Amino acid sequence: MRNLSTVAVLVAMALVVAACGSGTDTDETVIDEPAVGNDTSSGTPETSAEGADASGDAGEAGEEDVVSEAVVLSIVDTGQSQCYDETGAVACPQAGEELFGQDGNYAGTQPSYTDNGDSTVTDNVTGLIWQQDPGEKMTYAQAASGADSFELAGYDDWRLPSIKELYSLIDFAGTDPSGCPSSNCEATPFIDTGFFDFQYGDPDEGERMIDSQWATSTIYVGTTMGGDETMFGVNFADGRIKGYGLSDPRGGEKTFFVSYVRGDPGYGENAYVDGGDGTVTDTASGLMWQQDDSTDSMDWSEALAYCAAADTGGHDDWRLPDAKELQGIVDYTRSPSTTDSAAIDPILSASPITDEGGGTDYGSYWTGTTHASLMGGANAVYVAFGEALGWMENPQTGEYTLLDVHGAGAQRSDPKTGDAADYPYGHGPQGDVIRIENLVRCVRGGDLETVTGGEVVLDDETDSESSSPQTPAETEEGGPLAAAAAQLGVTERELAAALGDPGSGPPDFEMAGAALGVSVDALMEAVGAPPTNGP
């Protein structure tokens, strides 16, 4: 979502009214151009100038309002200011146009941090205070026990953050470098490096670039990989939540970056009220949810259209939730293997599915957030409320086994369009199941501004103060693949689409070359991939 100077940051404990009203959207402002971003160095968030009803609805006389005493789950905007189609960046669509309602169309409560000058950072939205530098990696046991004796800036009440606390820091202005075809790819981390120290994995230690997993206190109630004790962590290099086994497959214990936190330990707890009309309001966040999901799975564009057309409870302002909103309703005390349920409070129904192995499971749900990569924006974020499955190959027999590889509550991504049959054994090192069609649960509410038009931002050099909205045809390309595209005589978007999603593993150069009408050797030379017949 967009970072707008016209959007005042909400007070973390602002009063919320989640009204069951007419559905008329009276509190959203439509802007035809993006404004300059907020100065996040401010130490105190400003009160909303609009004083908007967080339900996004004026309400009707005679209806009983559900009122929370205070917002205690302040959901920070994802930071995604760009809109995308199924391949790359585009100008943000207007209401009624295809792909309207995605993350970049909305500006929510903007990230706001204060560098305290003592190696701590205050999140002015959530009220949490963070250790600024995670330091050297440590094992989970070291991370958990180390909090008891950790002292910083005169405080000794630090703790290992929960998965919801840590995920509040994720910034979807990042770009995923997974599958980078060369060793010198430049990417943007999924955390604000202006306030937090960050480093990618160290190749000198045998690590991949994406090995920047950060630890939390949230242990998966189930197990992964057929029996491994597993911790949910956030990877700020590739923009995902995954369940990580505590042991390292190469031997010993796996290590993680650790940033301790202090403040209200209740952050992330939900407080649901059944509206009795097919809606459920989380009075902690002020968001209203559809009680039932879509039952049927669909691709990303269909999911956006599904929410735009929804009228549940008499409201007409439903939208596809962004990544942080949807992750905010995961119940990490539940899983199919331990509670025979989805990882969600039972006040919200979850449709069972038949998984790729023929078993009964629960589905994943789309978000409106694009999972951008060096290759473009072909993937969108989903959250797994059932098992996050993957096909693991036995290297001795070549046989594949379907396993819960990342846990119910993981956040991964799928191609926005395509055919799941093209991925019979998933993709990536853990064979992540690729479905392309996922379930949908729509949301409404929150103090949002609607953004349309604007620039197509392909790199950090784009002038964010441009006053003229651009169409995709007017956009000048200049992203990380621009030089390679020019060398091959194709557009950057064509090259990105041919190479595919880097999060799904290395590119298929033969297929990409055929799609672009260039030789494999020319393609590999252009993108800097090592020759297959080289030393």
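The values are calculated or read from the model by the stated rules, or taken from the named source; none is laboratory data. Remember, predicted model here, so these are calculated numbers, not experimental data. Note that each Cβ is placed from the backbone with ideal geometry, even for glycine, and that neighbours are counted across all protein chains shown. Heavy atoms of the whole protein, side chains included, go into the accessibility calculation; ligands, DNA and RNA do not. Shrake-Rupley method; radii C 1.70, N 1.55, O 1.52, S 1.80 Å.
Some notes on this structure:
- Count - residues of segment 287-308 that are open to solvent by less than 60 Å² (accessible area, probe 1.4 Å) and of a type in the set (Asp, Glu): 2
- Count of segment 138-181 residues which are under 25 Å from the mean Cα position of the chain (by Cα) and more than 26 Å from SER247 (Cβ to Cβ): 9
- Boolean, GLU186 is in contact with a Pro (Cβ under 8 Å, 6 or more places away or on another chain) and not in a helix (DSSP H, G or I): yes
- The residue that is surrounded by the most Cβ atoms within 10 Å (Cβ to Cβ), counting only those in segment 96-120 that are touching a Leu at 6+ places or on another chain (Cβ under 7 Å) and without any contact (Cβ under 8 Å) to a residue 60 or more places away in the chain, is THR120.
Quick grid of which residues meet (1) touching a Gly at 6+ places or on another chain (Cβ under 6 Å); (2) more than 14 Å from PHE385 (Cα to Cα); (3) open to solvent by 60 Å² or more (accessible area, probe 1.4 Å):
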| residue | (1), (2), (3) |
| --- | --- |
| ALA310 | no, yes, no |
| GLY314 | yes, yes, no |
| LEU320 | yes, yes, no |
| VAL330 | yes, no, no |
| PRO336 | yes, no, no |
| ALA343 | yes, no, no |
| PRO346 | no, no, yes |
| PRO352 | no, no, yes |
| ASP355 | no, no, no |
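- Among residues of segment 62-86 that are within 17 Å of ALA284 (Cβ to Cβ) and outside any loop (DSSP other than H, G, I, E, B), those with a Cβ under 6 angstrom from a residue that is of a type outside the set (Phe, Trp, Tyr) and modelled with pLDDT of 95 or more, sequence gap 6+ or separate chain, pair up as VAL66/VAL273; VAL66/THR281; SER68/THR283.
Residue-wise test of (1) in contact (Cβ under 8 Å) with a residue 60 or more places away in the chain; (2) of a type outside the set (Phe, Trp, Tyr); (3) in contact with a Leu (Cβ under 9 Å, 6 or more places away or on another chain); (4) part of a helix (DSSP H, G or I).
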residue: ALA303; (1), (2), (3), (4): yes, yes, yes, yes
residue: GLU325; (1), (2), (3), (4): yes, yes, yes, yes
residue: ARG334; (1), (2), (3), (4): yes, yes, no, no
residue: SER341; (1), (2), (3), (4): no, yes, no, no
residue: TYR365; (1), (2), (3), (4): yes, no, yes, no
residue: THR369; (1), (2), (3), (4): yes, yes, yes, no
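- Filter pass, VAL280 being at pLDDT 95 or above and either under 28 Å from ARG319 (Cβ atoms) or within 20 Å of the chain's Cα centre (by Cα) (or both): yes
- GLU449 fulfils the conditions (1) touching an Asp or Glu at 6+ places or on another chain (Cβ under 9 Å); (2) farther than 25 Å from ALA526 by Cβ; (3) modelled with pLDDT of 95 or more except for a single criterion, (3).
- Of all the residues in segment 371-403, those that are modelled with pLDDT of 95 or more, outside any strand (DSSP E or B) and of a type in the set (A, V, I, L, M) number 3.
- The lone exception for THR223 - which of (1) open to solvent by less than 40 Å² (accessible area, probe 1.4 Å); (2) of a type in the set (Val, Ile, Thr); (3) more than 21 Å from HIS371 (Cβ to Cβ) it fails: (1)
- Residue in segment 370-380 that is of a type in the set (S, T, N, Q) and open to solvent by less than 10 Å² (accessible area, probe 1.4 Å) present: yes
- Test: residue in segment 210-220 that is in a strand (DSSP E or B) and open to solvent by less than 30 Å² (accessible area, probe 1.4 Å): yes
- Among (1) in contact with a strand residue (DSSP E or B) (Cβ under 7 Å, 6 or more places away or on another chain); (2) open to solvent by less than 10 Å² (accessible area, probe 1.4 Å) - the single one TYR155 does not satisfy: (2)
- Members of segment 403-449 found to be touching a helix residue (DSSP H, G or I) at 6+ places or on another chain (Cβ under 7 Å), open to solvent by 20 Å² or more (accessible area, probe 1.4 Å) and of a type in the set (Gly, Ala, Ser), listed by number: GLY428
- Qualifying residue in segment 333-352 (condition: farther than 26 Å from GLY79 by Cα, touching a helix residue (DSSP H, G or I) at 6+ places or on another chain (Cβ under 9 Å), at pLDDT 95 or above and of a type in the set (A, V, I, L, M, F, W, C)): yes
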